[in-house]
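Enquirer: Just passing along the structure, written as structure tokens.
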Amino acid sequence: MQSFIQKTPIARFCTKETVRVRFAPSPTGFLHLGGLRTALYNYFFAKSRNGAFILRIEDTDQSRLVEGAIEQLQRDLDWAGVQIDEGPSTGGCYGPYIQSQRLHIYRGHVETLLNNGSAYHCFCTEKRLELLRREAIRVREVPKYDNRCRSLNPQEVGEKLAQGIPSCVRFKLVAGVQSYLDLIYGGFNYDVAANEGDPVIVKSDGFPTYHFANVIDDHLMKISHVLRGVEWQISTPKHIMMYRAFNWEPPLFGHLPLLMNPDGSKLSKRQGDIRIGHYRDQGIFPLALINFIASSGGGFGKDSEQNVKPKCYTIGELTRQFDVCRINAHSGKLMPERLFDFNRLELKRKLEDSEEGEKLVEEVREMVKKHFPGDSLQLGSEHVRNILHWSVNRVTKLPDLLSDDLKFIWVSPKSYKIAENDLVPIRIFVEKLDKQVLERDNLNAFFKSFCKEHQLKFGSFMKTLRSLLSGLKEGPSVAEMMEILGKENTIERLHACIKNNK
Ligand code: GLU
């Protein structure tokens with residue numbers, strides 16, 4: 001493969017008057033980190049230049065469709081806060097935005113290329129193509145179509161078509177090195193024809209291939225800039241050839257480097273599930289995920305880059321910081337632990353905002369009710385809010401608050417029978433506790449002196465208190481439990497026990 005990349009000052013190529021960008025996923029699965037990164041960078045680019053962000057569904061490969069993927073994709077983008085200006089659900093002036101609904105458009109355009117000699121009918125059978133492939137492998141060459149049907153004359157083509165021989169349409173590649181200036185990588189040169197045979201643009205079932213439909217749609221939808229994954233970079237010279245064949249001006253292209261694991265391996269490996277839905281279900285906040293992605297590929301102001309103490313920026317702040325010229329031309333490493341840092345920061349930010357804080361309280365209530373059905377729950381606003389404030393530096397995501405250790409926060413303990421002898425000190429203890437500051441060190445000192453004064457065994461008294469407060473035999477220290485529950489709840493739980501034991 002002949003390709004080389006050179007760094008060129010590109011800032012002046014970043015401009016085009018009206019910015020229209022698109023995210024063009026194939027609905028072959030669910031949105032994952034790499035897809036969201038592409039969507040986000042397009043979105044930030046559009047919004048930072050008062051442009052439009054378009055969602056286009058590329059479903060021409062009907063054999064790979066996954067049911068429900070289009071709807072889920074839109075829900076995932078919506079969850080992440082990416083607002084679509086034009087798309088299948090939003091509509092717009094350049095629709096339809098689903099390629100399988102645009103077949104008539106592609107049909108018209110293939111005629112143009114056939115008529116101007118840039119494309120031709122190919123009647124080669126699958127069997128012949130397979131033989132070509134095998135032969136190439138045998139002689140250690142890159143398998144590629146030998147362009148045989150290019151040389152058929154119009155009469156031969158007419159006859160074969162009239163006989164109903166199955167055919168596809170291929171695009172005539174232009175020989176020689178093709179160059180373009182990548183917004184992210186700089187100058188890119190590649191000899192497509194040396195590396196592949198003429199590509200199919202319309203398959204024998206009449207469906208266009210990705211390359212063809214993509215070019216036509218980008219042109220008709222007036223896309224000004226194409227920002228997509230680097231895996232498409234070697235296809236770009238081919239796409240530019242097609243623009244030329246139509247006599248159209250191509251958009252500007254920029255390719256986003258790969259996202260990697262910290263050890264340099266491919267993201268889908270090791271990382272486990274990288275579906276957006278998986279992060280959502282785990283309790284990751286949308287902004288945490290966005291900042292996580294944004295902090296690993298560059299493209300934003302200095303302070304959002306890796307080495308500086310992380311801050312969870314809002315979408316508006318990230319949009320203002322975004323600059324396509326700052327995107328790194330090397331692979332971005334995702335540091336998993338940073339995601340949790342961002343999540344904690346986001347939890348803090350939400351709590352500081354009164355409206356978002358309210359929503360969070362509601363969210364926690366729902367989550368707890370769902371997790372502990374049928375239990376008698378403690379979910380007053382004040383209590384939930386206190387717990388959230390306590391949790392900011394202790395948990396990384398809200399579902400952590402459902403762990404067995406912390407169940408006592410939400411579930412009032414069942415009534416606990418204790419002997420009359422044990423009840424006497426508890427009564428005195430509650431009265432004294434009322435005057436204490438509920439802070440761990442102070443409480444521990446208070447417990448010790450109380451046990452000494454009343455000649456109680458420290459360990460067993462703690463055990464009783466823990467059971468009364470939580471119904472648990474193990475878990476956080478009693479002082480910590482009290483700190484978490486707050487004075488009012490602690491005293492209320494102890495009083496309830498005294499009452500039940502009367
Ligand atoms: N449908 C292609 C994909 O799923 C789009 C590539 C492009 O943006 O041109 O990645």
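Enquirer: Given the criterion touching a helix residue (DSSP H, G or I) at 6+ places or on another chain (Cβ under 6 Å) and charged (D, E, K, R), identify the matching residue among K172, K160, K238, K266.
Expert: The match here is K238.
Enquirer: Please tell me if A39 is touching a residue at least 60 places away in the same chain (Cβ under 8 Å) and either in contact with a Leu (Cβ under 9 Å, 6 or more places away or on another chain) or within 16 Å of the ligand (Cβ to nearest atom) (or both).
Expert: The answer is no for A39.
Enquirer: I'd like the full set of residues that are within 15 Å of the ligand (Cβ to nearest atom) and not in a loop (DSSP other than H, G, I, E, B), limited to region 202-211.
Expert: Selection gives P208, Y210, H211.
Enquirer: Something else now. Which residues, counting only those in region 163-182, are touching a His at 6+ places or on another chain (Cβ under 8 Å) and either surrounded by fewer than 21 Cβ atoms within 10 Å (Cβ to Cβ) or acidic (D, E) (or both)?
Expert: Within region 163-182, S167, C168, D182 qualify.
Enquirer: What number of residues within region 167-201 are over 23 Å from S151 (Cα atoms) and of a type in the set (D, E, K, R)?
Expert: 1
Enquirer: State whether the residues of region 115-138 include one that is among the hydroxyl-bearing types (S, T, Y), exposed (fewer than 15 other Cβ atoms within 10 Å of the Cβ) and closer than 20 Å to I216 by Cβ.
Expert: No, region 115-138 has no match at all.
Enquirer: If you take the residues in region 138-151 that are under 15 Å from G197 (Cβ atoms) and free of Cβ contacts under 8 Å to residues at least 40 places away in the same chain, which one is nearest to the chain's Cα centre (by Cα)?
Expert: This residue is P143.
Enquirer: Can you find a residue that is in a strand (DSSP E or B), crowded, with 20+ Cβ neighbours inside 10 Å and within 15 Å of the ligand (Cβ to nearest atom) anywhere in region 238-246?
Expert: no
Enquirer: Need a quick list: strands (runs of 3 or more DSSP E) entirely within region 100-201 having at least 3 residues that are modelled with pLDDT of 95 or more and within 30 Å of N328 (Cβ to Cβ).
Expert: It comes to 178-182, 186-190.
Enquirer: Among the residues in region 172-185, are any within 13 Å of the ligand (Cβ to nearest atom) and out of contact with any Ser or Thr (no Cβ under 6 Å at 6 or more places or on another chain)?
Expert: no
Enquirer: Continuing with the same structure: Looking for whichever is among the polar types (S, T, N, Q), within 16 Å of the ligand (Cβ to nearest atom) and touching a residue at least 12 places away in the same chain (Cβ under 8 Å) here; the options are T28, T90. Which one fits?
Expert: Only one candidate qualifies: T28.
Enquirer: I'm trying to understand the selection: among the residues of region 332-341, which are in a loop (DSSP other than H, G, I, E, B) and either buried (at least 19 other Cβ atoms within 10 Å of the Cβ) or more than 17 Å from the chain's Cα centre (by Cα) (or both)?
Expert: L334 - this is the single residue of region 332-341 that is in a loop (DSSP other than H, G, I, E, B) and either buried (at least 19 other Cβ atoms within 10 Å of the Cβ) or more than 17 Å from the chain's Cα centre (by Cα) (or both).
Enquirer: Based on what the data block shows, is N153 surrounded by 11 or more Cβ atoms within 10 Å (Cβ to Cβ) and either in contact with a strand residue (DSSP E or B) (Cβ under 7 Å, 6 or more places away or on another chain) or not β-branched (V, I, T) (or both)?
Expert: no
Enquirer: While we're on this one: So, in region 50-102, how many residues would count as being in contact with a Cys (Cβ under 9 Å, 6 or more places away or on another chain) and aliphatic (A, V, I, L, M)?
Expert: Looking only at that region, the number is 0.
Enquirer: Can you tell me which residues in region 218-229 are hydrophobic (A, V, I, L, M, F, W, C) and more than 11 Å from the ligand (Cβ to nearest atom)?
Expert: Residues satisfying the conditions are L220, M221.
Enquirer: Does region 54-77 include one or more residues that are of a type in the set (A, V, I, L, M), away from the ligand (no atom under 13 Å from the Cβ) and either in a loop (DSSP other than H, G, I, E, B) or surrounded by 20 or more Cβ atoms within 10 Å (Cβ to Cβ) (or both)?
Expert: Looking for residues that are of a type in the set (A, V, I, L, M), away from the ligand (no atom under 13 Å from the Cβ) and either in a loop (DSSP other than H, G, I, E, B) or surrounded by 20 or more Cβ atoms within 10 Å (Cβ to Cβ) (or both), one finds at least one in region 54-77, hence yes.
Enquirer: Here is a further query. Being within 14 Å of the ligand (Cβ to nearest atom) and within 36 Å of the chain's Cα centre (by Cα) narrows it down to one of N214, N189, so name that one.
Expert: Criteria check complete, one pass: N214.
Enquirer: If I234 passes every condition in (1) within 16 Å of the ligand (Cβ to nearest atom); (2) not in a helix (DSSP H, G or I) but one, which one does it miss?
Expert: Every listed condition holds for I234 apart from (2).
The values are calculated or read from the model by the stated rules, or taken from the named source; none is laboratory data. Just so you know, these numbers come straight off a predicted model, no measurement behind them. We place every Cβ from the backbone using ideal geometry, glycine too, and count neighbours over all the protein chains shown.
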